[in-house]
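Visitor: Input: one structure, supplied below.
The values are calculated or read from the model by the stated rules, or taken from the named source; none is laboratory data. Just so it is clear, the structure is predicted and the values come from calculations on it, not from any experiment. Note that each Cβ is placed from the backbone with ideal geometry, even for glycine, and that neighbours are counted across all protein chains shown.
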Amino acid sequence: MVVVGITGFEGSGKTALTANIGACLALGGIRTLLLDADLYFPNLSFQFGVSPKYTVHSYLENPRIDLEWLIYSYRKIKDLYLLLGDPNAPISHKLQFRLLPGLLEYFKEAYGVVLIDFPSGLPIDAHPLIPELDYQILIVDPTTVPLRNLHDWVDAAIRKFLHLGIPDFWVIINKPLIPKEKLRVLERFIDEELEVPLLGTVPYDPLILEGTYTGNPMCAWEKRGPVMRLSRMFEEAFL
């Protein structure tokens, strides 16, 4: 059993990659659980086009609830299970993130891998989950950063997330709409100068965005795309 936290700034594609990597792993026969820990803006349910009756928020409101009610078995992909948040839940500073490790502890042993979709930005509120992670993956989208500041921005971002204290820290570059040569330099900068392992780069692909709109993970119908290749690298590195 491996627990992986997926982190990143807003708009980086963190949730979409969590959904797609998880779906690919499940298609490969790995019993996979996705946990939506973004309690303020939980979007993982949109990635699959589902609206479960019981959610993580249900548990936070009533920790005595039967926890088995919270698990949603995704019918389109065998071995894929979801612990989803409620997108309509009001935003409250009283959300008890401290209860999430207990929820994770209850379920994790039944799965080969657990992927946790963290809140956007530094997961300060979700920090109780950090000690539960085996690996952390930071999703970086360099497109919105001026090229002249790109390396400094990436350096600062990685250092901030490293301060969370996860020793096994990796990076994925996602949907980079920058010149190819600049991208190659950025990949070398992360891997060689910052000495942070780069799991891979996912090129911009409108089909991934389309899958988000339709509630269908890309690898459910695109068997040889970049996300499927990334999931194989994920499996080799962590499983």
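Visitor: On the given criteria, is Ile65 without any contact (Cβ under 8 Å) to a residue 40 or more places away in the chain, more than 15 Å from Val113 (Cα to Cα) and of a type outside the set (Phe, Trp, Tyr)?
Guide: Spelling it out, Ile65 is indeed without any contact (Cβ under 8 Å) to a residue 40 or more places away in the chain, more than 15 Å from Val113 (Cα to Cα) and of a type outside the set (Phe, Trp, Tyr).
Yes/no per residue for (1) assigned to a loop (DSSP other than H, G, I, E, B); (2) not polar (S, T, N, Q):
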position	(1), (2)
Ser58	no, no
Lys76	yes, yes
Leu82	no, yes
Lys94	yes, yes
Gly102	no, yes
Tyr106	no, yes
Pro131	no, yes
Ile137	no, yes
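Visitor: For the stretch 41-71, which residues satisfy the criterion of being crowded, with 19+ Cβ neighbours inside 10 Å and of a type in the set (Phe, Trp, Tyr)?
Guide: Within the stretch 41-71, Phe48, Tyr54, Tyr59 qualify.
Visitor: Okay, next question. Is it the case that some residue within the stretch 160-180 is under 27 Å from Ala23 (Cβ atoms), touching a residue at least 60 places away in the same chain (Cβ under 8 Å) and assigned to a helix (DSSP H, G or I)?
Guide: Checked against the condition, which is being under 27 Å from Ala23 (Cβ atoms), touching a residue at least 60 places away in the same chain (Cβ under 8 Å) and assigned to a helix (DSSP H, G or I), the stretch 160-180 yields at least one hit.
Visitor: Report yes if Leu39 is touching a Leu at 6+ places or on another chain (Cβ under 7 Å) and part of a strand (DSSP E or B), otherwise no.
Guide: Judged against the criteria, Leu39 is not a match.
Visitor: For the stretch 1-40, which residues satisfy the criterion of being surrounded by 23 or more Cβ atoms within 10 Å (Cβ to Cβ), under 21 Å from Thr143 (Cα atoms) and not basic (Lys, Arg)?
Guide: Scanning the stretch 1-40 gives Ile6, Thr7, Gly8, Ser12, Thr15, Ala16, Leu17, Thr18, Asn20.
Visitor: Let me ask another. Show the residue pairs meeting these rules: Cβ distance below 6 Å; 6+ apart or different chains; first residue within the stretch 1-13 and closer than 23 Å to Val145 by Cβ and basic (Lys, Arg); second residue modelled with pLDDT of 95 or more and buried (at least 24 other Cβ atoms within 10 Å of the Cβ).
Guide: none
Visitor: For residues that are surrounded by fewer than 14 Cβ atoms within 10 Å (Cβ to Cβ) and of a type in the set (Val, Ile, Thr), scanning just the stretch 79-131, find the one that is farthest from Phe48 (Cα to Cα).
Guide: Ile124
Visitor: Could you tell me which residue of the stretch 124-158 is nearest to Arg232 (Cα to Cα), considering only residues that are among the charged types (D, E, K, R) and at pLDDT below 95?
Guide: Here the answer is Asp125.
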